[in-house]
Amino acid sequence: MHSNTDIPSGARVGVVGAGRLGTSLSRSLRAAGVRVEGPLGRGEAPGGCDAIVLCVPDGEIEAAAASVAGAAPLVGHTSGATPLTALAPARGAAFGLHPLQTFTGGDSDTFAGAGCAIAGSTPEALAFAAGLARALGMTAFEIDDEGRAAYHAAASVASNFLVTLQAAAERIAAGAGLEPAEARRLLLPLVRQTVENVAAHGPEPALTGPIARGDDATVAAQRQAVAEAAPELLDLFDALVAHTRALAGARA
């Protein structure tokens, strides 16, 4: 066991939910020296555990909590948006453990270095969540129920919407004769460097391109190209232009 965590030595953690996150969490906790039972299927209750982590869809958390009622003194979920009250049917102290990371089901350990939103209905539950986060190499930060929706919306914008934008870019690139796979291969180095620039300097200094330069003629030409290649994306393009102009104005 890692001695710098708040997980009691020899503690046993049950993981319910054998999807991407449950599988990755079980594997990584074991690698960190934590005793793990699971990942178990939904509706199964681990036995003899000090804590249970429910890795199930948000809408199934209450039912999953009921299915493990009384099975452990600590029960947690991995939802970024769901309040701890959803765990009330488990009849134990509740905690939240939301890795600020995306999981695709691969074998790589993507927890280390990520942030982790934690919460607890008792000091013990909060400390246990923090210990799990540290055992996985994550940076724990506390989010209360009132801030969950805003926190989760920020995470969705940063991750999910980025995927949507890349899909839109591939669709528009078809107007230049590029196949989706080719467009992806050519655009991703640009995406990676842009993310690195934001990380190093912040959004405003990292902004480049025609809007940042005030080149309205080029933006108009781009809009016409979008109208011809992917007219269904015009509303998205216009909204992004407006917000990017505001960002460019904020740095002026």
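A few comments on the model shown:
- Overall form of segment 1-137 per C-alpha gyration tensor (a/c, 1.5; a/b vs b/c): rounded
- In the chain, the longest principal axis of the Cα atoms and the axis of helix 123-135 are about 60 degrees apart.
- Note on segment 45-62 and segment 162-179: Cα centroid distance 39 Å, given to the nearest whole angstrom.
- Ranking L74, L188 by solvent-accessible area of protein heavy atoms (1.4 Å probe, all protein chains present), from largest to smallest, gives L188, L74.
- Other residues whose C-beta falls under 15 angstrom from the C-beta of G48 contribute a net charge of -1, scoring Lys and Arg +1 and Asp and Glu -1.
- Beta bridges per DSSP, both residues in segment 81-222: antiparallel share near 60 percent.
- Only one item in (i) 20.5; (ii) 22.0; (iii) 18.4 matches Kirkwood radius over Cα pairs in Å derived from the coordinates shown, and that item is (i).
- Each DSSP beta bridge with both residues in the chain is either parallel or antiparallel, and the antiparallel ones are about 25%.
- Taking all protein chains as they are arranged and a probe of 1.4 Å, the heavy atoms of I7 leave approximately 10 Å² accessible to solvent.
- The chain: angle of helix 20-31 to the longest principal axis, Cα-based, in degrees nearest 10: 60 degrees
- Angle of helix 160-173 to the longest C-alpha principal axis of the chain, folded into 0 to 90 degrees and rounded to 10: 30°.
- Share of carbon and sulfur in the accessible heavy-atom surface of the chain [1.4 Å probe, %]: 56 percent
- Put simply, the amide H of G115, placed in the peptide plane, has neighbours under 5 Å in L100, T139, leaving out anything fewer than 5 places away on its chain.
- Segment 24-43 and segment 128-160 have their alpha-carbon centroids 19 Å apart.
- A 1.4 Å probe, protein heavy atoms only, puts the accessible area of D235 near 120 Å².
- Averaged per residue, the chain has 51 square angstrom of accessible surface, using a 1.4 angstrom probe with ligands and nucleic acids left out.
- Scoring 195-208, 163-176 by mean Cβ neighbours within 10 Å over their residues and listing the highest first yields 163-176, 195-208.
The values are calculated or read from the model by the stated rules, or taken from the named source; none is laboratory data. Worth saying up front: this structure is predicted, and the values here are computed from it rather than measured. Cβ sites come from the backbone with ideal geometry, for glycine too, and all protein chains shown count toward neighbours. SASA here: full protein model, heavy atoms, side chains in, ligands and nucleic acids out. Shrake-Rupley method; radii C 1.70, N 1.55, O 1.52, S 1.80 Å.
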